[in-house]
Amino acid sequence: MVGAQLRDTAEELAAVLWREHTVYRERSGGMVIRGEHVRRWISLAPAGGRDEILVRAGRILDGGTTAPARSEAVVPLSAGTGVLATTCRRLLADAAADASRPAPDRADTGRPRESRKSRKSRRSARRNGGGRHTSFSSWVILVCVAAVIALFAYSSAMHG
C-alpha cells in the first residue's frame with residue numbers, strides 16, 4: 001500500500017515541480033524524481049514513522065551520475081502535495097547553494113588542506129626517517145662501514 005501511495009505522490013510532485021522529469025523506483029523501494037534540465041534529483045522514501053516520508057535532494061553531475069544528497073527532511077505523507085512541493089523547493093535551493101559555494105581552503109583545524117598525495121608522502125618520509133634528515137639506522141650503517149674500512153686499513157698496515 002505504501003509503495004503505490006509513494007509512487008502516486010512522486011508522480012504528482014514531479015508534475016508540480018518540473019515540466020520535464022523522470023520518475024523511477026529505487027532498489028530500496030523509494031521513488032526518485034530526476035530533473036535533467038535543472039540537474040537536480042529528489043528521492044522519496046518511507047521514513048521511520050507510519051505516515052512519514054524521507055525527502056532528499058541532490059545534484060546531477062556531468063555524465064548523468066548523481067551526487068550524494070546534500071539535504072533531507074521528513075514530511076508527513078498526509079500533508080499534501082503543496083507542503084511536499086514547498087519542502088522539496090527548499091531542499092533543492094539548499095542543494096543549489098551547496099553547489100555554488102566554493103570548497104573551503106582550510107579544514108576545521110585552521111591549517112591548509114592537504115591533498116591525499118602530500119599526506120602519503122609526508123607519512124612515508126616520516127616512516128623512512130624524516131625525509132631529508134639522516135635517521136638513526138643510517139648513522140649506524142655509516143659507522144659500521146667506516147669501522148670495516150678502518151679495520152681493513154689497520155690490518156693492511158700491520159701485515160703489509
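The values are calculated or read from the model by the stated rules, or taken from the named source; none is laboratory data. Nothing here was measured: the structure is a model prediction, and the numbers come from that model. Don't worry about glycine lacking a Cβ; one is built from the backbone with ideal geometry, like all the others, and counts go over all protein chains shown. We work out accessible area using only protein heavy atoms, side chains counted, and drop any ligands, DNA or RNA first. Shrake-Rupley method; radii C 1.70, N 1.55, O 1.52, S 1.80 Å.
Quick notes
- Only one of A14, A97 that is in contact with a His (Cβ under 6 Å, 6 or more places away or on another chain) and either modelled with pLDDT of 85 or more or surrounded by fewer than 13 Cβ atoms within 10 Å (Cβ to Cβ) (or both): A14
- Selected residue (only one of R50, R40, R56 is open to solvent by 60 Å² or more (accessible area, probe 1.4 Å) and modelled with pLDDT of 85 or more): R56
- One residue alone among R27, R34 is surrounded by fewer than 14 Cβ atoms within 10 Å (Cβ to Cβ), at pLDDT 80 or above and within 20 Å of A10 (Cα to Cα), and that residue is R27.
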